[in-house]
Amino acid sequence: MSTGERAKAKTEQVLGKTVRKVAHAAHKETLAAKGAALEARGMMRGAKEGAKRSVKG
């Protein structure tokens, strides 16, 4: 389960960064903010998984 969650976190990070960069290039600030939020959610999910992994040993 944890491997799937880590993969989902990385996917959200990459997708968010891509959306953010494309939106900035197209001058779509609302979409850029949504991409940044998606990227941040992926980073938080990754941090959560990292914490769970370090607690397990």
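The values are calculated or read from the model by the stated rules, or taken from the named source; none is laboratory data. Just so we're clear, the structure is a prediction, and the values are computed from it rather than from any experiment. Note that we place each Cβ from the backbone using ideal geometry, even for glycine, and neighbour counts take in every protein chain shown. Note: areas computed on protein heavy atoms with side chains; ligands, DNA, RNA excluded. Shrake-Rupley method; radii C 1.70, N 1.55, O 1.52, S 1.80 Å.
What net charge is computed for the residues neighbouring Gly4, neighbours being all others with C-beta under 12 Å from the C-beta of Gly4, Lys and Arg scored +1, Asp and Glu -1? Please list the in-between numbers first.
Working: positive: Arg6, Lys8, Lys10, Arg45; negative: Glu5, Glu49.
Here the count lands on +2.
Between Met44 and Leu15, the simple label model (points 7 Å from Cα in the Cβ direction) yields a spacing of 1.7 nm.
Would you calculate a helix-derived [θ] at 222 nm for the chain, using -39,500 (n - 2.57) for each DSSP H run of n ≥ 4 and dividing by the full residue count, to the nearest 500? All intermediate terms of the calculation are to be shown ahead of the outcome.
On the way: 2 runs with 52 residues, N = 57.
So the calculated ellipticity at 222 nm is -32500 deg cm²/dmol.
At a probe radius of 1.4 angstrom, the accessible area of the chain per residue rounds to 73 square angstrom. Computed over the chain, relative contact order equals 43 percent, with contacts defined as Cα pairs under 8 Å that lie 6+ residues apart.
Annotation: peptides 45-52, 13-20, ranked by per-residue average of other Cβ atoms within 10 Å with the highest first, follow the order 13-20, 45-52. Considering the chain, its Cα convex hull presents a mean projected area of 3.5 nm². For the chain, carbon and sulfur atoms together expose 64% of the accessible surface, with a 1.4 angstrom probe and every protein chain in place.
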